[in-house]
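For reference, the structure is listed below as structure tokens.
The values are calculated or read from the model by the stated rules, or taken from the named source; none is laboratory data. All values derive from a computational prediction rather than experimental measurement. A quick note on method: Cβ atoms are made from the backbone with ideal geometry, for glycine too, and the neighbour counts reach across all protein chains shown. When the accessible area is computed, the model is the full protein with side chains, heavy atoms only, and any ligands, DNA or RNA have been set aside. Shrake-Rupley method; radii C 1.70, N 1.55, O 1.52, S 1.80 Å.
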Amino acid sequence: MTTLRAIAYARSGDKGSSANIAVFGRTPANYAWLKQHLTADQVEAWFKPLGVGAVVRYDVPNLEALNFVCRACSPAVAVARCASTPRARRSAGPAGHAGGPAAGRFRSTD
Amino acid sequence: MGPCCAHFGWTASDHDRLAGATVAGHLLECGAQACGGFSTDWLDLPGSHDIGFPVAEVAADGSCVLTKPAGTGGAVTVQTIKEQLLYEIGDPGNYLSPDVTVSFLTCAWSRPAPTACGFPVRRPATSVHLQGQRHLSPRLQGPWHAHGVRDQAVAKARRAGEGVLRRLQEAGCNYRETLVECLGTGASVGGIVRRVAEADLIETVLRISVAADTQDRSSVSPARLPRSSPAGRRASRVTRQAGRKSCPCSVTGRA
């Protein structure tokens, strides 16, 4: 069985109420496969249990990448979920600690 | 952007050049991440405890060469640049900035011959703040989140923890005890409860603890802590917790 990591690498991030996940093919053939099979609907369905809304896919052929943007990753969802799970990658606070207002932990610094 | 405009005399209508400088700034923005500090393949990079910060040599046409200081860890590769280029963005065809809207859909790159980086290296600052808990005995603990891709969560967390301790030791810190724990692996109940297979964990919390023989505040490296590793992105901010006597500990480093 081939793992996803064998054919792709990825980078996620968030900005405001949006989160993005960029998925890159390791080879042109890998990218072609991803482009055909990794749809926005699939990504949206995968993250739906986290309260993530509609997902848009942007194709970036020159980087052999697909950029998935989740625009409806609302702050409310983020705060509720992010006590130990950052919205996309941000881990601004220690897990499980109650100190400080929750919203403050997700203040963007960059 | 500002230094480029000042140096090259660009105007607000030099959109292509401004776009190039915007891309350079976007790549530099998150420091060591451009050199693999947040890469999917971070575990494979050399010197992950001391990843260099990127340097962009911007040309008059707005193109740039990305490199890093010699002797630092990490790597500048097509992969690390591509990863960073699509970091925290929305529509890659319309990257918004106050100066220009940039399309990443026409970005191209080449591999220049490796050359020595001639940029002046300044001495790092002589102090850095690290917050943690100071207990009655001189010890310091700080949890980090660690998220990995499937079976790599614990491996990345442990590597990050070892990197932090290595940096502290290289800065002259001597501790009586050090401990790197990956919570969720059975770290706190070792020998009692059967440990779970680390490869089965999809996330963990890294906890680093040190204990010293003196009451002096511990010293930390004034140089770059491995804050851009996946697990050690930033020194943890431990605040007061209800029902537990602890206080933020401000730690000053030696020059």
Could you please find all residues in region B:68-100 being open to solvent by less than 30 Å² (accessible area, probe 1.4 Å), outside any loop (DSSP other than H, G, I, E, B) and under 24 Å from residue B:5 (Cβ atoms)?
B:84, B:85
Looking only at residues in region B:79-112 that are under 17 Å from residue B:18 (Cβ atoms) and aromatic (Phe, Trp, Tyr), which one is farthest from the other protein chains (Cβ to nearest Cβ)?
B:95
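Which of the residues spanning region A:27-45 are surrounded by fewer than 16 Cβ atoms within 10 Å (Cβ to Cβ) and either within 14 Å of chain B (Cβ to nearest Cβ) or more than 18 Å from the chain's Cα centre (by Cα) (or both)? Can you show your working first?
So in region A:27-45, the residues surrounded by fewer than 16 Cβ atoms within 10 Å (Cβ to Cβ) come out as A:27-29, A:32-33, A:36-37, A:39, A:41-42, A:45.
Within region A:27-45, A:27, A:28, A:29, A:32, A:33, A:36 meet the criteria.
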Which of the residues spanning region A:9-20 are more than 8 Å from every other protein chain (Cβ to nearest Cβ) and assigned to a strand (DSSP E or B)?
A:12, A:19
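Does at least one position in region A:60-71 carry a residue that is of a type in the set (Val, Ile, Thr), open to solvent by 20 Å² or more (accessible area, probe 1.4 Å) and at pLDDT 90 or above? Can you show your working first?
Filtering region A:60-71 for residues of a type in the set (Val, Ile, Thr) gives A:60, A:69.
Still in the running and open to solvent by 20 Å² or more (accessible area, probe 1.4 Å): none.
No, the conditions are met nowhere in region A:60-71.
If you check residue B:118 against the conditions, is it open to solvent by 30 Å² or more (accessible area, probe 1.4 Å), modelled with pLDDT under 95, part of a loop (DSSP other than H, G, I, E, B) and closer than 27 Å to residue A:9 by Cα?
no
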Would you confirm, using the coordinates I've provided, whether residue A:23 is closer than 17 Å to residue B:82 by Cα and within 11 Å of chain B (Cβ to nearest Cβ)?
yes
Hits in region B:1-48 (condition: outside any helix (DSSP H, G or I), over 28 Å from residue A:12 (Cβ atoms) and free of Cβ contacts under 8 Å to residues at least 60 places away in the same chain)
B:9, B:10, B:11, B:13, B:14
What pairs come out if I take residues in region B:63-81 that are among the β-branched types (Val, Ile, Thr) and pair them with residues that are surrounded by fewer than 16 Cβ atoms within 10 Å (Cβ to Cβ) whose C-beta lies under 6 Å away, six or more apart or interchain?
B:65/B:57; B:65/B:112
Tell me yes or no: at least one residue of region B:196-208 is more than 27 Å from residue B:46 (Cβ to Cβ) and at pLDDT below 80.
yes
